[in-house]
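The values are calculated or read from the model by the stated rules, or taken from the named source; none is laboratory data. Source: prediction; values computed, not measured. Cβ: placed from backbone, ideal geometry, glycine included. Neighbour counts: every protein chain shown.
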Amino acid sequence: MTALAGASLLLALTACGNESGAGASLTGKSYLSTAVTQDGKPEQLAPNTRVRLQFTDDGRLVADVGCNSMQSKVSTSDGKLTLKGELASTAMGCPGPQQGQDAWLSKILTAKPAWKLDGSKLDLTAGGTTISLVDRATAEPARALDSTKWSLATVITGDAASHQAGAEKAWMTLNGERVTGSTGCNHFQGTVARATGKLTFGELATTRRACAGDAAKLETTVLNGLKGDISYAIDGKTLKLRTSTGGLDFTAAP
């Protein structure tokens, strides 16, 4: 091998291992934080919280740090994350130590942070803050669709994501052609057929407890969301059900 060929090979290998800007793509990937530093010193997030970044196939960034979900169209060109609109957010009340983390993450995302991808590792830097993340598929292997207790986390309506009151009480479990679960007020059961990337729910039978107020609204959302043909995908611990008008996100129970 000539010296020129060897130098060219080394340059190519270096470019493949450490990417940013036009040389890399974040589209279709999700990342979870492993560390946060401020001016080179470790910063601790609230207990049991992590920064989550999802770069959707249709060009959106969906982010959270343990409480509210925020999203916007995004550009990743020139090695920077540039939001292409308002950073829309859900409006849940965040408990104790989590208060303030949403504003902190929003400030970083709106500051056009620089990003660098090294294999499955992603660094996001704005000012003196660096968030180190890893590909979610590496950090959080996908849960099995069957036999997992899926708890309702987020309701999707059009481009908006929200958390309905009492949503954590709603859940479902799939086993073969059967689905069982709870709307948060009544229990339900029924049949579900499968195809690649698609579930088809039959009519669900429920118990007959009277539901009022938020519980009634949640029950309507759950039963309407588990009706007919629905596309699905599992991203780590998250089961995403989608129709043409919205969908439901469930999280695998511990």
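Is one or more of the residues making up the stretch 207-220 closer than 20 Å to residue 247 by Cβ and touching a Leu at 6+ places or on another chain (Cβ under 6 Å)?
No; the residues of the stretch 207-220 include none that is closer than 20 Å to residue 247 by Cβ and touching a Leu at 6+ places or on another chain (Cβ under 6 Å).
Let's see how each residue does on (1) touching a helix residue (DSSP H, G or I) at 6+ places or on another chain (Cβ under 6 Å); (2) in the same structural domain as residue 161 (by TED's automatic domain parsing); (3) modelled with pLDDT under 90; (4) among the polar types (S, T, N, Q):
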residue	(1), (2), (3), (4)
10	no, no, yes, no
15	no, no, yes, no
33	no, no, no, yes
48	no, no, yes, yes
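So residue 118 passes all but one of these: (1) loosely packed, with under 15 Cβ neighbours inside 10 Å; (2) more than 22 Å from residue 40 (Cα to Cα); (3) at pLDDT 90 or above. Which condition number does it fail?
Of everything listed in (1) loosely packed, with under 15 Cβ neighbours inside 10 Å; (2) more than 22 Å from residue 40 (Cα to Cα); (3) at pLDDT 90 or above, residue 118 misses just condition (2).
From the list 158, 100, which one is of a type in the set (Gly, Ala, Ser) and within 20 Å of residue 43 (Cβ to Cβ)?
After applying the criteria, what remains is 100.
Only residues that are touching a residue at least 24 places away in the same chain (Cβ under 8 Å), part of a loop (DSSP other than H, G, I, E, B) and of a type outside the set (Ser, Thr, Tyr): list them for the stretch 41-58, please.
45, 46, 47, 51, 57 - these are the residues of the stretch 41-58 that are touching a residue at least 24 places away in the same chain (Cβ under 8 Å), part of a loop (DSSP other than H, G, I, E, B) and of a type outside the set (Ser, Thr, Tyr).
A quick yes/no check of all residues on (1) modelled with pLDDT of 95 or more; (2) in contact with a Lys or Arg (Cβ under 6 Å, 6 or more places away or on another chain); (3) closer than 26 Å to residue 60 by Cα; (4) not assigned by TED's automatic domain parsing to the domain that holds residue 50:
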{"site": "156", "(1), (2), (3), (4)": "no, no, yes, yes"}
{"site": "161", "(1), (2), (3), (4)": "no, no, yes, yes"}
{"site": "172", "(1), (2), (3), (4)": "yes, no, no, yes"}
{"site": "178", "(1), (2), (3), (4)": "yes, no, no, yes"}
{"site": "184", "(1), (2), (3), (4)": "yes, yes, no, yes"}
{"site": "205", "(1), (2), (3), (4)": "yes, no, no, yes"}
{"site": "235", "(1), (2), (3), (4)": "no, no, yes, yes"}
{"site": "243", "(1), (2), (3), (4)": "no, no, yes, yes"}
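Being closer than 19 Å to residue 233 by Cα, surrounded by fewer than 17 Cβ atoms within 10 Å (Cβ to Cβ), touching a strand residue (DSSP E or B) at 6+ places or on another chain (Cβ under 6 Å) and hydrophobic (A, V, I, L, M, F, W, C) is true for just one of 144, 193. Which residue is that?
The unique qualifying residue is 193.
Quick check: anything in the stretch 160-167 surrounded by fewer than 19 Cβ atoms within 10 Å (Cβ to Cβ) and assigned to a strand (DSSP E or B)?
yes
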